[in-house]
1. How far, in nm, would the chain grow between residue 29 and residue 49 when pulled straight, counting 0.36 nm per residue and subtracting the alpha carbon separation?
2. Largest first, please: the extent of the C-alpha atoms of region 66-156 along each principal axis, to the nearest Å.
3. State the dimensionless ratio Rg/Rh of region 10-50 (Rg: radius of gyration of Cα atoms; Rh: Kirkwood radius).
4. Neighbouring Cβ atoms within 10 Å as the yardstick, rank 3, 95 fewest first.
5. Within region 61-96, what residues put their amide N at less than 19 Å from the label point 7 Å along the Cα-to-Cβ vector of residue 38?
6. I want to verify a result. In a Gaussian network model of the chain, Cα cutoff 10 Å, which of these has the top mean-square fluctuation: 111, 97, 84?
7. How high is the relative contact order of region 3-151, given as a whole-number percent (alpha carbon pairs under 8 Å, six or more residues apart)?
8. [x] 8.7; [y] 9.6; [z] 12.2: which one is mean projected area of the Cα convex hull in nm² as calculated from this entry?
């Protein structure tokens, strides 16, 4: 899977997507310390140990570089940045029971907005699985020759 590049100075606004989710009872916000173990455990159970590790790193930063989607006090999804390397977006995960409702796109854009606010001009999306999703949602472009990138010697 290739790495992607996103221009943070040319993002669509998250406002409309977030507002729609609020109407459905979903809130997207920066995660806080007391939620760390719940989010890390959820990411590990729903996705992978590697993603749980990245959530742990993002939730240990100050301020946390992990955003969480919550519905009825339950985790519906998450997105992180600066978890693998500075300037890297990801991982992002949405509960499979509510995928295809705009939550992933809203989490993506809201988290990328936080990166822009932190002073980044660009974001790399490492080892991007759903390339077409990222292209369509935020105009991401493939970084040629980026496979397997920084994950080449990953310990599993």
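Since every read-out is calculated from the coordinates, none of them should be taken as a lab result. Bear in mind the structure is a predicted one, so any value in this text is a computation, not a measurement. Neighbour counts run over all protein chains shown; Cβ positions are idealised from the backbone, glycine included.
1. Full extension of this stretch gives 4.9 nm more.
2. 41, 32, 25
3. Computed over Cα atoms, the ratio is 1.10.
4. 95, 3
5. Under 19 Å, as judged by backbone N against the label point of residue 38, lie 61, 64-80, 93-96 of region 61-96.
6. Of 111, 97, 84, the Gaussian network model singles out 97 as fluctuating most.
7. 33 percent
8. Among [x] 8.7; [y] 9.6; [z] 12.2, the one derived from this structure is [x].
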